[in-house]
Amino acid sequence: MRIRTLKILLSTMAAFLWAQAPGVAAELTPPPKTDANGWIVTVSVIGAISPSFPGSGQVRPYPFPAVAIRRVGEAETFSTPDEGFGFPLVDYAGVRAGPVANFVFQRGQRDGLFGLRRVALTHEVGGFVEYQPIDHFRVRAEMRQGVDGHEGFVAAFYADAYETVGRWRFSVGPRLNFGDNNYANAYFSVTPFEALVNGRLLPYTATGGFTAAGGMATIRYHVTDDFAVSIYGGGQRLLGSVGSSPIPNLIGSRNQFNAGLALSYSFHVADPLQYIPANLRP
């Protein structure tokens, strides 16, 4: 399963999720005790293990950073590590929407892929929408287009129940993924020439549709108001045409697992506008 985030590149983007009541952000953690002006910056270092390519049976380590920013006094909103990196341009009556981005690591020719095409690092950009109908419940959908690499259109649907108990937060929920013909063909098709060179695989043409379904669980503990430790893990099973491909069935796996550990630190950054006279501020 791909690590659904472009946070490393943008550090400076159906089913149901638990969140906060309509129009009110979920107060997962109180903001650090600072002046009322400025921003809270949360920097995370994440060590993850994930399949080395879509359909792989091997997991590999992938360390990456993440950054989140919110205004002082603004409640932190619920999120999970497998989401793309996004920020809301619309936040009204329980609905949040805005741009989102993600990336997929390149697929080389290791782990039984000898003779198959390489798929370059893929940057995916698009939009997301999520809805918070009741306490501890949120629905999120992301629609992204690969601008390089697989060059396909993908969609991801998220649903999580979560609860905060003291310094602990727990969440769990299902996942559902979609990919078009370009996406399916890039990772799961095998041409006759590739099959001949590889020697283990048969020719196959994959088509788009719902590509995987599964779930994700997270646990986060706030050591202090500013420092938190999170662990997460989940899995999905490949579906439809991509699930029938010889790539996962003969040299990889239809079952895709990932897990990770994140260390997060939050700090206050002063609002530069406070140093500008009020009558001169934009």
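The values are calculated or read from the model by the stated rules, or taken from the named source; none is laboratory data. None of these values were measured; they are calculated from a predicted model. Note that each Cβ is placed from the backbone with ideal geometry, even for glycine, and that neighbours are counted across all protein chains shown.
Is there any pair with a first residue in the stretch 254-269 that is in a strand (DSSP E or B) and a second that is crowded, with 18+ Cβ neighbours inside 10 Å and aromatic (Phe, Trp, Tyr) whose Cβ atoms are under 8 Å apart and which are 6 or more apart or on different chains, and what are they?
These pairs meet every condition: Ala259/Tyr232; Gly260/Tyr232; Ala262/Tyr232.
Inside the stretch 63-95, can you point out the residues that are surrounded by fewer than 17 Cβ atoms within 10 Å (Cβ to Cβ) and under 18 Å from Ala262 (Cβ atoms)?
Passing the criteria: Pro63, Pro65, Val67, Ile69.
Being farther than 28 Å from Ile251 by Cβ, modelled with pLDDT under 95 and either over 18 Å from the mean Cα position of the chain (by Cα) or small (Gly, Ala, Ser) (or both) narrows it down to one residue among Gly112, Gly73, Gly126, Gly108; which is it?
Going through Gly112, Gly73, Gly126, Gly108 in turn, the sole match is Gly73.
Identify the residue in the stretch 217-229 that is in contact with a Ser or Thr (Cβ under 6 Å, 6 or more places away or on another chain) and under 15 Å from Glu83 (Cβ atoms) and, among all such residues, is surrounded by the fewest Cβ atoms within 10 Å (Cβ to Cβ).
The residue in question is Arg220.
So Pro99 fits all but one of (1) of a type outside the set (S, T, N, Q); (2) outside any loop (DSSP other than H, G, I, E, B); (3) crowded, with 19+ Cβ neighbours inside 10 Å; what number is the exception?
(3)
Scan (1) closer than 20 Å to Arg60 by Cβ; (2) assigned to a strand (DSSP E or B) for the single condition Ala217 breaks and write down its number.
(1)
Only residues that are touching a strand residue (DSSP E or B) at 6+ places or on another chain (Cβ under 7 Å) and surrounded by fewer than 22 Cβ atoms within 10 Å (Cβ to Cβ): list them for the stretch 120-136, please.
Leu121, His123, Val125, Gly126, Gly127, Val129, Tyr131, His136
Could you list all residues from the stretch 102-119 that are crowded, with 19+ Cβ neighbours inside 10 Å and either over 20 Å from Val154 (Cα atoms) or out of contact with any helix residue (DSSP H, G or I) (no Cβ under 8 Å at 6 or more places or on another chain) (or both)?
Answer for the stretch 102-119, where residues must be crowded, with 19+ Cβ neighbours inside 10 Å and either over 20 Å from Val154 (Cα atoms) or out of contact with any helix residue (DSSP H, G or I) (no Cβ under 8 Å at 6 or more places or on another chain) (or both): Asn102, Phe103, Val104, Phe105, Leu113, Leu116.
Which of the residues belonging to the stretch 124-149 are more than 21 Å from Ser79 (Cα to Cα) and assigned to a strand (DSSP E or B)?
Gln145, Gly146
Give Tyr232, Tyr187, Tyr183 a once-over and let me know the one that is assigned to a strand (DSSP E or B), modelled with pLDDT of 95 or more and among the aromatic types (Phe, Trp, Tyr).
Going through Tyr232, Tyr187, Tyr183 in turn, the sole match is Tyr232.
Out of Ala161, Ala156, Ala195, which single residue is buried (at least 18 other Cβ atoms within 10 Å of the Cβ) and either of a type in the set (A, V, I, L, M, F, W, C) or part of a helix (DSSP H, G or I) (or both)? Working first, answer last.
Details: Ala161 fails: buried (at least 18 other Cβ atoms within 10 Å of the Cβ); Ala195 fails: buried (at least 18 other Cβ atoms within 10 Å of the Cβ).
None of the others qualify; the one that does is Ala156.
Just give me the residues in the stretch 76-95 being β-branched (Val, Ile, Thr) and over 10 Å from the mean Cα position of the chain (by Cα), in sequence order.
Result: Thr77, Val90, Val95.
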